[in-house]
Amino acid sequence: MAEDRRLNVLVASVDGSFCDTVETCGSETIAAFKTSIKQKYGPVAGIKLTLDEVELRDNRLVREYNISEESFISMSVTSTGAYEVEEPSSAGVIEAKEIRIYVGFLSTKKRGFDIDVDQSTTIEGLKALIMS
């Protein structure tokens, strides 16, 4: 198996408040990569990373996006300061505000994709999102 080489990837915020190289490797998850960014950038509640207009998903690996040292990652910060905490419901369960669904294609070579929906999205609404 090939060595999982360390990469220094350029990450810049869209508002220009942050631009630096961040170390990662192909076997690291995007969530772990975001943690490395937060260590350099400071406390933030949410970071959205994009590469070539594709949002990087937390549960995927860096290598799945073919990120290299030549890559340029754009970062959007949803808020700064204290971390946001979801309030538990009366039953003591944290309620999801958004659901991520992976849509894959079994019979074609089309690449799958993620769709973010909320709990009120109907099946018809989901079908419309998939077809768009």
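Considered as a group, the residues in region 1-14 that are touching a residue at least 12 places away in the same chain (Cβ under 8 Å) and assigned to a loop (DSSP other than H, G, I, E, B) include one that is nearest to Ser68 (Cα to Cα), and that residue is Arg5. Going through (1) of a type outside the set (Asp, Glu); (2) without any contact (Cβ under 8 Å) to a residue 40 or more places away in the chain; (3) surrounded by 13 or more Cβ atoms within 10 Å (Cβ to Cβ) one by one, Thr24 falls short only on (2). Close contacts from region 112-130, counting a first residue that is loosely packed, with under 12 Cβ neighbours inside 10 Å and a second that is among the hydrophobic types (A, V, I, L, M, F, W, C), with Cβ to Cβ under 6 Å and a gap of 6+ residues or different chains, come to Gly112/Val103; Ile130/Val103. Looking at region 23-132, the strands (runs of 3 or more DSSP E) lying wholly inside it that each contain 1 or more residues that are modelled with pLDDT of 80 or more and farther than 22 Å from Arg5 by Cβ sit at 44-51, 72-80.
The values are calculated or read from the model by the stated rules, or taken from the named source; none is laboratory data. All values reported here derive from a predicted model rather than from experimental measurement. Positions of Cβ are backbone-derived with ideal geometry, glycine not excepted, and every protein chain shown enters the neighbour counts.
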